[in-house]
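Okay, so here's the structure we're looking at.
Every read-out reported here was derived from the displayed coordinates using simple, explicitly stated rules and does not represent laboratory data. Since this is a predicted model, take the numbers as computed values, not measurements. With ideal geometry, Cβ positions are generated from the backbone for all residues, glycine too; neighbour counts draw on all protein chains shown.
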Amino acid sequence: MRDWSPERLAAAAGARLVAPGPAPRGIAPGPERVTIDSREAGSGALFVGLPGTHTEGGRYARQALAQGAWGVLVAPEHALAARPAAGHAAPPGALISSDQPLAALQQLARSWRRELGAQVVGITGSTGKTSTKDLLAAMLAQERKVVASVQNLNTEIGLPLTILGAPAGTQMLVLEMAMRGAGQIADLAAIAAPDVGVIVNVGPVHLELLGSLEAVAAAKAELIAGLRPGATAVLPANEPLLRAHLRTDLEIVTFGPGGDVSQLGDLELPFSAPHMRLNALAALAAARALGTRPSGRLEVTLSALRGQRIKLPGPVLVIDDCYNANPMSMRAALDDLALSASGRKVAVLGDMLELGAEAGSYHEQVGDYAREAGVDVLVAVGSLAARMGERFDGELHRVDDAAAAAELAGELLRPGDTVVVKGSRGVGLEVVAEHLQAAAAGPGRARGSRS
C-alpha cells in the first residue's frame with residue numbers, strides 16, 4: 001500500500017477520511033505497514049485502534065501520531081480526539097474513522113488482496129494446520145515469492161494483518177485459518193477469497209462449544225463453501241464427515257492413503273513422523289494445485305512449540321510440541337515419541353481443554369494410547385490429565401500445574417531419554433522445555449543428566 005494515497009486507502013477500507021495529513025515531498029503517499037499495537041506505530045505505520053477486552057485501542061491514536069505514524073484508523077470519537085484544536089496545525093498524519101474499525105481492517109485486507117493479485121491458499125483443520133502451512137510455504141518458496149501466516153496470526157484480526165503485511169510483488173499467500181465456533185471460517189474465507197482451500201483433518205476439538213464431530217466438520221467445511229466456483233478443495237481421503245459438504249463446481253483433490261496424492265515422490269523431508277508426512281501430503285496437493293512442482297530436499301522451519309527437537313546434554317532429546325493439544329494430536333505426538341526414542345520414552349502431557357462432556361473419556365483414551373506406544377514414564381499435568389493415569393501401567397507421576405511438571409521433569413530425566421511435552425495452550429507447558437534448557441545451560445550438570 002506504499003503507493004496508496006490517504007483518500008484511496010480510506011475508500012479501500014470503507015472508512016471516512018477525516019484529515020489527510022501532510023504529504024512530504026519525494027515520499028510515496030501510503031503506509032509501509034499496518035499495526036494494531038500503538039507501541040509499534042512509528043514512522044510509516046498505519047495504526048488501527050481496535051476495541052479490546054481490557055483497553056480501547058483507539059484511545060492511543062494521538063500517541064501513535066506523536067510517534068510518527070503515517071496515520072490512524074479509529075472510531076469517530078477517537079479520530080475527533082486526535083485532531084488538533086481549532087487554529088492549530090494539521091494533524092501530523094492521516095486521520096481515518098470508521099464506526100467499526102475491525103470491519104474496516106478486514107475490508108482493507110480484502111482490497112489489498114485484490115491489488116496483489118497473488119494466488120491464495122486457506123488452510124484449516126483440527127490439528128496440524130500450522131505445520132501444513134509451514135510445509136506449503138517452504139514448497140512454494142522453491143519457485144515463487146511467498147508470504148505465510150506467522151505464528152498464530154490466523155484469526156479475524158491476525159489473518160487481515162498477514163494479508164496487509166504482504167509486500168507488492170507477492171505471488172503466493174498461505175493463510176492459516178483458526179476456528180473457535182461456527183461462522184468464523186466463513187468470515188475468514190470471505191476476507192481471503194482463497195483459490196485453494198485445504199482441510200487437514202477433522203477431529204474432536206472445541207466440542208464444549210460445538211457439541212459434536214459433525215458440527216466440527218461443518219465449521220471446517222465453511223472453507224469449502226467459501227471457495228469460488230472452479231477453485232480447488234484439498235481434503236483428506238475417505239473422510240466421511242466432509243462428504244455432505246462437497247460441491248460439484250469445485251476441483252476436489254484428496255491426499256493420504258487411497259487419495260489422489262499419496263506419495264511424496266522425490267520430495268525429501270527433514271523428519272519422519274507419520275503425522276508430519278501426512279501434513280506434507282496435504283501441502284504437496286495444494287502446491288500442485290497452484291501449478292508448482294516442489295522437489296528435492298525441503299528446507300522448512302516449523303513454527304515454535306510445534307514439535308521442535310531440543311538436544312540437551314546427557315544426551316536428552318526434548319520434543320517441544322506444547323502449543324496446543326486434542327486427542328488426535330496427542331496420539332500423533334506419542335507416535336512421534338515412539339519413533340524418535342532410542343532410550344526411555346517420557347511423556348509430559350497436560351489437560352486437553354474444551355472437549356465437553358466426554359473430556360474424561362478422551363483423557364483415558366490417551367492413557368491407553370500411551371501404554372500401547374510403550375511410554376515408560378508419564379507425567380500427567382492437571383486434573384483432566386490425571387485421568388490418563390487410570391489407564392496407564394508404567395511409571396506415573398501426577399502434578400497440578402506446569403511449574404511442578406518442569407521441576408519434576410528435571411529430576412526424572414536420565415541420559416538417553418526422549419521426552420515429549422504436550423498439552424492445551426491454557427496449561428502453559430512451554431515452561432517445561434524452558435526449564436530443562438536453562439538447567440542444562442547452568443553451572444554443573446544439567447538436570448537431564450542425573451541418574
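Among bridges DSSP assigns within the range 308-449, what percent are antiparallel (round to 5)? Beta bridges within the range 308-449, antiparallel portion: roughly 20 percent.
Here the contact order of the range 117-297, divided by its residue count and restricted to Cα pairs under 8 Å and six or more residues apart, works out to 25 percent. Where both bridge residues fall in the chain, DSSP classifies roughly 15% of the beta bridges as antiparallel.
Each of 155, 55 was scored by other Cβ atoms within 10 Å of its Cβ. Listed from fewest to most, they are 55, 155.
By the equivalent-ellipsoid construction on the alpha carbon gyration tensor, the range 6-101 comes out with semi-axes of 18, 15, 14 Å, ordered largest to smallest. Sites listed here are trypsin sites (Lys or Arg not before Pro) in the range 211-277 whose DSSP assignment is loop and whose Cβ has at most 14 other Cβ atoms within 10 Å: 247.
What the Kirkwood sum gives for the range 308-449 is a hydrodynamic radius of 14.5 Å, with every pair of different alpha carbons counted. What whole-number distance in Å separates the alpha-carbon centres of the range 105-157 and the range 352-428? So the two Cα centres are separated by 33 Å.
The stretch between residue 2 and residue 43, if pulled fully straight at 0.36 nm per residue, gains 13.5 nm over its current Cα-Cα span.
For the peptides 301-314, 423-436, the ranking by mean Cβ contacts within 10 Å, running from highest to lowest, is 423-436, 301-314. Based on DSSP H segments of at least four residues, each scored -39500 (n - 2.57), the chain has a per-residue ellipticity at 222 nm of -9500 deg cm²/dmol. With R₀ fixed at 51 Å, the C-beta to C-beta distance from residue 54 to residue 239 puts the FRET efficiency at about 0.80.
Taking one equal scatterer on every alpha-carbon of the chain, how large is log10 of I(q)/I(0) by Debye at q = 0.06, 0.07 1/Å? The calculated log intensity ratios at q = 0.06, 0.07 Å⁻¹ are -0.31, -0.41.
Fully extending the segment from residue 142 to residue 311 would add 58.0 nm, taking 0.36 nm per residue of separation and subtracting the current Cα-Cα distance.
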